[in-house]
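The values are calculated or read from the model by the stated rules, or taken from the named source; none is laboratory data. The shown structure was predicted, so the numbers you read here are calculated from the model rather than taken from an experiment. Ideal geometry is used to build each Cβ from the backbone, glycine not excepted, and the neighbour counts take in all protein chains shown. Note: accessible area is taken over every heavy atom of the protein model, side chains too, but ligands, DNA and RNA are not part of it. Shrake-Rupley method; radii C 1.70, N 1.55, O 1.52, S 1.80 Å.
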Amino acid sequence: MTQKRLIRNASVISGGRRIQADVLFDDRILAVGENLPADENTRVTDARGLTLIPGLVDVHVHLREPGREAKETIADGTAAAAHGGFTTVFAMPNVLPFPSTVRTVEPYQRLLEEKGRVRALPYGTITVDEAGATPTDYAALRELGVHWFSDDGVGVDSAAVMRRCLEAAREADVLFACHTEDMNYRQPGASVHDSPVVTSRGWIGIPSACESAQLIRDLKLLKETGGRYHTCHVSAKESVDALREAKAAGQDVTGEVTAHHLLLEDKDVQGPMWKMNPPLRSHEDRMALIEGLESGTLDFIANDHAPHTEEEKNQPMDKAPFGIVSLETAFPLLYTEFVKGGRWSLEQLVHWMSTAPARRFGLEGTGDILPGYRADLVLVDENRPGIIDKTTFLSRGKNTPFDKWPTACTIAETICEGRTVWRDTETEKKGS
Ligand SMILES: [Zn+2]
């Protein structure tokens, strides 16, 4: 039984509005209101000057364990999540063994539960072992509570296979989260957006069609099969256009965008720390992503936390692996650029980083601060600027292009199901 706790006098983001309120909770939220009474068994925190937001949800996280523990572990990746304000993360299935069968998923679920500092939910693969050949038995994994499937890292090459997968997914009523990438468009060693802004520096480009062509194919197939479809890390304006059309036609589709694609462009690329897949694209693409999110064509933010070792990332551009870490940078950087910058309200950012992904992925009682919801809460200090310092990251991955970027807020405490999972003294100690 979690001890009852009352957070008084915080500015609370609840039901899409900012209110001044007290929040009483154990592992669930018991009450939200003014001047809530506390009995002697209740721990009271005066949070005047702080803002209380629902715990963030990231549906696109690479925890690397089992199989690639030099890059990240479940314990360290979920500690990083807590540090960054995330209380639910979805673990991408490119681990070893792949979570493709009941036999591999069951121990994987236990591992995530035992080692996760916050809630970590597994994806199953779309095709067995992400090999692109055989659809996973979605109904069997659904029995275990796995409702989400992805082959993240690779696209499903064959349209015939993808069609069978989509049909089976509709039958089993599960959600796909698709990394769309048509390898006919990707040359060996390609690392950046296919634009003279970056290819003039000798790096090989990845055209936007690499992403959008397969997305457009999938949306066509989905028209025939029906079912639910979510597309990962949208980077190109052509993909935004395709999603807009599919939504207008009434298809059950959603799309996510990462913090780095909202914050950076091809011209910012300086080396392997800026190398990710899909790549940072043009200014026009970035504006299409921002406007796509604001207009509802894109549905929410997910950040593709992709830790690698320093040795791996310190290779030349064509050899270094794709990906950057994001759990400890996404919220403060987006807050700084778009909320402090005056373009979005904090309510909007919370919607895109908590409420909307929780809703799309069917997480009941998650993504808001309302009675009966899980007590997943984050205390944010909007008046205390900070700085991104990769030496304080709890993630094993320090691969970020954002080191030393200033932030306009800091996270003071993260609470998962009523328990404190991170407090700002933890990284201060680690840093000293
Ligand atoms: Zn991906």
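Quick one: what pairs do we get from region 135-161, first residue open to solvent by 10 Å² or more (accessible area, probe 1.4 Å), second among the aromatic types (Phe, Trp, Tyr) and modelled with pLDDT of 95 or more, C-beta under 6 Å, 6+ apart or different chains?
Hits for this filter: 148/123.
Tell me the helices (runs of 4 or more DSSP H) entirely within region 131-207 that contain at least 1 residues that are within 20 Å of residue 252 (Cβ to Cβ) and modelled with pLDDT of 95 or more.
The helices (runs of 4 or more DSSP H) meeting that bar are 138-142, 159-172.
Pairs only if they're at least six apart or on different chains, beta carbon under 6 angstrom, first in region 65-93 and open to solvent by less than 10 Å² (accessible area, probe 1.4 Å), second of a type in the set (Lys, Arg) and modelled with pLDDT of 95 or more; list them, first residue then second.
As it stands, the answer is 72/64; 72/396; 74/115; 78/117; 79/117; 82/117; 88/119, since those pairs meet every condition given.
Considering only region 265-299, how many residues are within 16 Å of the ligand (Cβ to nearest atom) and either among the aliphatic types (A, V, I, L, M) or closer than 20 Å to residue 331 by Cβ (or both)?
4
Output yes when any residue across region 217-238 is in contact (Cβ under 8 Å) with a residue 40 or more places away in the chain, farther than 22 Å from residue 123 by Cβ and buried (at least 19 other Cβ atoms within 10 Å of the Cβ), and no when none is.
For region 217-238, residues in contact (Cβ under 8 Å) with a residue 40 or more places away in the chain, farther than 22 Å from residue 123 by Cβ and buried (at least 19 other Cβ atoms within 10 Å of the Cβ): present.
Would a scan of region 176-190 turn up a residue that is at negative phi, away from the ligand (no atom under 16 Å from the Cβ) and open to solvent by less than 40 Å² (accessible area, probe 1.4 Å)?
No, the conditions are met nowhere in region 176-190.
Name the residues in region 303-335 that are open to solvent by less than 40 Å² (accessible area, probe 1.4 Å) and more than 16 Å from residue 394 (Cα to Cα), would you?
Those that are open to solvent by less than 40 Å² (accessible area, probe 1.4 Å) and more than 16 Å from residue 394 (Cα to Cα): 303, 304, 313, 317, 320, 321, 323, 333, 334, 335.
Of all residues in region 223-246, which are more than 16 Å from the ligand (Cβ to nearest atom), of a type in the set (A, V, I, L, M) and in contact with a helix residue (DSSP H, G or I) (Cβ under 6 Å, 6 or more places away or on another chain)?
Correct list: 240, 242, 246.
Looking at 86, 90, which one is within 17 Å of residue 148 (Cβ to Cβ), within 16 Å of the ligand (Cβ to nearest atom), in contact with a strand residue (DSSP E or B) (Cβ under 7 Å, 6 or more places away or on another chain) and among the aromatic types (Phe, Trp, Tyr)?
Answer to the selection: 90.
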